[in-house]
Each structure stands twice: as C-alpha cells, then as structure tokens.
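See below for the structure under consideration.
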Amino acid sequence: MDSQLSLLAGYVAGANSIEDLTRPMLRLIQQLTGLESTYLTSINFPAGVQRIEYVLNAGKLQLPEGLEV
C-alpha cells in the first residue's frame, strides 16, 4: 500500500490539469480494486444529468467518455 500512496503523491505533485491527475488515478484505482471500468463523472443537478468525463475501461464493458445519464 505504501507504494500506491507514493504513486498517488507523485500524480498529485506532477499534475498540471485535471486530466493529468485523473487518468493515472483511474489506473491506480483499477489496479487496487480490479474493477472493469473506473471513471470520473460530473453532475449537472439542475438538468438532472450525470456525465462521464474520464474513463478507464479494462475489460469487456466499454463506457464512452461523454456518456450522459
């Protein structure tokens, strides 16, 4: 777990954008959990819409970025 925390600290320190931070974190979350897909969403509460902003698909389930539900 210490190595994962070191990786996370490096991602945070080296990130220049939300994408620079998010993509490595999604990879780390997938490695730690074994989830088929990990993603970051945004929620537009007035419109009642949730949007996938960034996704890492590691299995058969393929969620597209930009998907809104």
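The values are calculated or read from the model by the stated rules, or taken from the named source; none is laboratory data. Not measured: the values here are computed from a predicted model. We place every Cβ from the backbone using ideal geometry, glycine too, and count neighbours over all the protein chains shown.
The number of residues in the range 25-69 that are in a loop (DSSP other than H, G, I, E, B) and at negative phi comes to 15.
If you go through the range 46-61 and keep only what is more than 14 Å from the chain's Cα centre (by Cα), surrounded by 10 or more Cβ atoms within 10 Å (Cβ to Cβ) and at pLDDT 95 or above, you end up with Val49, Gln50. Residue check: Asp20 meets all listed conditions (1) modelled with pLDDT under 95; (2) part of a strand (DSSP E or B) but one, namely (2). Applying the condition of being surrounded by 12 or more Cβ atoms within 10 Å (Cβ to Cβ) and not aliphatic (A, V, I, L, M) to the range 1-18 and asking which residue is nearest to the chain's Cα centre (by Cα) yields Tyr11. Return the pairs, sorted by first residue and then second, in which the second residue is among the aromatic types (Phe, Trp, Tyr) and not in a helix (DSSP H, G or I), the first residue lies in the range 13-32 and is in contact (Cβ under 8 Å) with a residue 24 or more places away in the chain and more than 17 Å from Gly59 (Cα to Cα), the beta carbons are less than 6 Å apart, and the residues are 6+ apart or on different chains. Cβ pairs passing all conditions: Thr22/Tyr54.
Is there a residue being free of Cβ contacts under 8 Å to residues at least 12 places away in the same chain and in contact with a strand residue (DSSP E or B) (Cβ under 6 Å, 6 or more places away or on another chain) anywhere in the range 37-57?
Kept after step one, since they are free of Cβ contacts under 8 Å to residues at least 12 places away in the same chain, are these residues of the range 37-57: 42-48.
Remaining after also requiring in contact with a strand residue (DSSP E or B) (Cβ under 6 Å, 6 or more places away or on another chain): 42-43.
Within the range 37-57, one or more residues are free of Cβ contacts under 8 Å to residues at least 12 places away in the same chain and in contact with a strand residue (DSSP E or B) (Cβ under 6 Å, 6 or more places away or on another chain).
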